[in-house]
Each structure stands twice: as C-alpha cells, then as structure tokens.
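Since the structure comes first, as structure tokens, the remarks are kept for the end.
The values are calculated or read from the model by the stated rules, or taken from the named source; none is laboratory data. None of the values given here were measured: they were computed from a predicted structure. Neighbour counts are summed over all protein chains in view; Cβ atoms, including those assigned to glycine, are modelled from backbone coordinates with ideal geometry. With ligands, DNA and RNA removed, areas are computed over all heavy atoms of the protein, side chains included. Shrake-Rupley method; radii C 1.70, N 1.55, O 1.52, S 1.80 Å.
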Amino acid sequence: MGFPAIEPGDIGDTGLFWLFLSYGYVLFFASNLISEGSELLLLVPSIAGIVGSCVLPVLGAVPDGAIMLFSGLGDVEEAQENLAVGVGALAGSTIMLLTVPWALSLWAGRVDLDGDGRANYARRPKLGKDRGFSECGVSPGPQVRSGAKIMLLTLLSYLIIQGPAFFMSGASRADVAANEKSWALLGLITTLGGFFAYLWYQVKSSHAQDVQAKKQEAVMKTMLESGQVSLAGAMAGLVYASHDPLAGGNEGGYGTNQLDQDVKAKISEVVRPFFRKFDASGDGHLDKGEIKAVFHDLGEEPSPARLDEIFDELDHDKNGTIDFDEFVTGIWSHVHRRSHESEGSRAVGEAIKRSGSHTEDDEEEEEVPEDIKDLAPAEQQRVIKRRAAKLLLLGTALVVIFSDPMVDVMSEIGVRTGIPAFYVSFLLAPLASNASELLASMYYAGKKTQTSITISFAALEGAACMNNTFCLAIFMGLIYFKGIAWQYTAETLAIVVVQCAVAVFAMKPTMTPVDACFIMAIYPLSVFLVAGLEAAGFD
C-alpha cells in the first residue's frame, strides 16, 4: 500500500482516473520544486560549479529513478510484473525528452538563416514573416555535438546485458534470471562507472563547463527580470568567491583596470539585455537618466550622490554619456561596495521589519520572496541558500512518497484497459516526471540566441545520459539483487535506435523545422517499433 493509503484496485474507473491525475500533478509539482531549487543554487558562486556539474543532473533524474526503484520492490513475482512500469518510464522518459521537447525547442528557437545556411542571431528581427521551413533554423554551439557523442558512449551499458540476453533461455523466468545474474552485476558496475565518469566529465570538460556557465548566467537574467533578487544579491557570492578586484587600489575608485576580466565577462553577459533595453538610439551609450533606469531595472537604487559619483568617474570625456564597458565597471564597483558597506545591517533590519519579523532568525524572515531584493546582498545570498534547500527537500520528499502509489496506479490502469503496463507508463509517466524539463527547454529556446538553444539541447542530452547511467544502474541493481529476468529486448532496441537517430540530428551544425518534424515523428514511431519487435518474437 502506498501513501496516501488508497488501493487503486478498490476504487472505480473515475476514481482511478482522478487518482492518476492527483499523483501525476504532485510528481509534476515536485519535479518543478527540485528544478527551481537547483537553479537557485546556481546563484551561489561558491558552489555553482558543483551544482551545475553534479547536483543538477542527479536531481533531474530523481523522479524517473524513484518510479523505477519502486516498480521493482515487493516479492519476485510482483516485482517481475511491475518492473514493466519501470521499463516504460525509462523508455518513455528517454525517448520523449529527446523528441518532443527537442522538436518544440527547435521550433521556438528558430531564426533566419544567412547565406551560408547558419542561423543569424545578430539580425533584427530575428525571424522574418512567412519564412519557409528551410529558410530558418537553429545553430547550437559545439557543446551540443560533444554532448551527443557522450550520450552515444553511455548507450554501451545496454549492450552488456542485452547482448547475452539474446541467447539466454530457460524453463522458467527464474532460470533465465539466474543465467543473467552475472551479466546484471557487470551491468550494474558499468552503469555506476559510467555515472561517475559522466559527473567527472561535467566537472572537467571545457564544453560542459561552458554550458554550466551559460546556464548560470541565464538563471541570473531570469531572476533579475522577475525581480526576485537584485543584481547585488545575485552577484554577492561572486564578490566573496573571487579575489578582490579592488585590492591594492582605492576602495572607492571605478578604474577599468581594476576589474578581473572573467568577472567582467560574466557581468557583461548578465546586464547586456538591460543596457540595450534603454539604449534607445542604439549607439551603445547611455546618459545619467537612462543609467538610473537600468539600475532600477536591476533591482538597485543607488543614492543620487552615489549615482553622480559613479557617473562622473566613468564619464572620462565628460560628454554626458558612458559606454557599455564603463557601465559594467560601474555596476561591479556598486555591487562590491554594497557587499561590504557597513550600513548593510541597517538595510536588513528595515527589510525584516517590513516583512513583519522581529529577529534575524525568526521564521517569518525566510518567507519574504517579494522583499528579498530589499535585503543586503549577503542576506539575499543567505535567503537564497535556505529557500533552495527547502525546495529541494520538499520536492525530493514528495517524489519518494508518491512514486510508489503512482506505480500501483499505472499498473492498475494497464489491468483495466488491457493495455500492457509498459505502454501505459511509456505514455503517462513522462507527463508527471518530465514535464518541467519540456517547459524549461522551450523557455530557454524561446529567447532565440545561440546560448539559449545550446542550453536547451544540452540539458536534454544530459537527461538522456543520466537515464543511461543513473537510472539504468537502479534497473541493473533490481535485476541482480531481486533475481528478476531481463526480458526487455524490444524496449532496449527502441531506446538505442532513438538515441542514435537524435544524435545524428544533433551533429548537424544547423537544424531546420524540417528536422523538427522528423524528430517529432520519432516519438510515436518508437511505440510502433516496440510493438513490432514484440510481435516478431523479441522478448
């Protein structure tokens, strides 16, 4: 019996339908909590590297992994039957993520192509009217091609058990399971090795690090645009994590030679859209009124005297305007000052008072999402960490609690409809566990930049790699420790074929809506492929 204490077999068809919707919504909600909490941690530079390379991929695979784990619990006979739900979740998750959101993201992120067939992200408008399917498309960064190669490497784990399974036979499932046990152990070791190797690659690879840096910058932009943090709050951790760019100089100065180039590049990427928004003339210069408006958009309200000080020191030719490079230096100096100024404690006290709290450690002080940008930068970072931890804990707890009853519901749906449990979970499980990835990929792609489409596709490839390692390792563990027979040849072949097909498209320097149509068609065709292979005697 799962939690809540409702047995799917004891209720009618309508009740079963609503139970599926309820559990599905909870898992979707939990997946969003995990995603949101993970992204918040990217605003903490001291841990952003390990979060982007290790934490995000693992937490993204938790909902699918939990469904697979609970599908294989119970006695051997029950586990053998219910494991079809886990296989369906694994295949459905992998194939759906590599087809539906990939195709939709390609469509959402398409821009006009230039003369050499590459996406022109500099043109305005980016997408002309009445463009044909071959006249627009996307050109992701090289990280997508390297990600496709890594995805293909992780596919080799399937061959370790599937290869011998072609030739295994026995008088019963127990005999087959006994013959496959040693291969399942080898598969478990290999998938775990592949999992840790993939995390190591994420930490060490320059391509992977580039994607993580782009994702961090994208999250900062989103949080600033929505007003959830101020620029000083988002960048406060960067001040403490990096060396002091003003060391040895005048603490109040704004000289461009004092700003570390890596830090400058990160700030430039984050604030460039805000600068362009107020550069009405398009000449790359802003006057003092426009600079004040940009600061306001970034959640910063420097005093008139501070704004005059920044502007006067950066306006070297005294023409009443400053360019983008000068603006970036002024932004950093303002953030640096706010992160170290003594009046920060007073700002904290005033913000806490506005939120109805009485002490710094009071519970109410944690519940001020609208007021967080009014807090001092260091306090914003502390609230971000705490909120991220709450979201991750709550999301993970909901996944653990509701995955087990969700498996029972999908199994019962299969029994009542006469549809094999594999097909039920193949179609339904991704709706609950992967909908957040679909929405996130389309959101990033919709920004129509090379960076955003690279983030979108790389995240989908990363999800497939985690399914090929982390989730498959859970599968191999169940096969080995529970003595379950591996009888999923058709499903395995479908997973391998689909990933190879999508990898071919990912290797292309430019993809068009024509490619999106083919990629979208792979999803329903994969179901027919499994059915055809099973009808032909595979499994």
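Here are the numbers for the structure shown:
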read-out	value
For the stretch 111-164: accessible area per residue (Å², 1.4 Å)	48 Å²
Cα gyration tensor shape of the stretch 398-437, rounded if a/c is under 1.5, else prolate or oblate by comparing a/b with b/c	oblate
Two-site FRET efficiency, D175 against R416, from Cβ-Cβ distance with R₀ of 45 Å, rounded to 0.05	0.90
Rounded, prolate or oblate (a/c below 1.5 giving rounded, otherwise prolate when a/b exceeds b/c) for the stretch 471-539 by Cα gyration tensor	oblate
Karplus 3J(HN,Hα) series, Hz, for the stretch 415-420 with 6.51 cos²θ - 1.76 cosθ + 1.60 (x for Gly, Pro)	5, 6, 8, x, 8, x
Normalised contact order of the stretch 446-539, rounded percent, pairs of Cα under 8 Å and 6 or more residues apart	34 percent
HN-Hα J in Hz across the stretch 33-38 - Karplus 6.51, -1.76, 1.60, θ = phi - 60°, x for Gly and Pro	4, 4, 5, 5, x, 5
Whole-Å semi-axes of the stretch 89-162's equivalent ellipsoid (Cα gyration tensor)	33, 15, 9
F133 accessible area, 1.4 Å probe, all protein chains in place, Å² to nearest 10	100 Å²
Calculated on alpha-carbon atoms, Rg and Dmax of the stretch 88-222 in Å	21.4, 68
More than 11 Å apart - percent of Cα-Cα pairs taken over the stretch 63-102	60 percent
Percent accessible area from carbon and sulfur atoms, the stretch 1-129, protein chains only, probe 1.4 Å	64 percent
Whether the stretch 1-132 is rounded, prolate or oblate, judged on the alpha carbon gyration tensor where a/c under 1.5 counts as rounded	prolate
Anchor K266: lysines whose Cα lies under 22 Å away (excluding residues fewer than 8 positions away in-chain)	K204, K214, K215, K221, K277, K292, K373, K385, K447, K448
Ranking by accessible area, most exposed first, for H336, H285 with a 1.4 Å probe	H285, H336
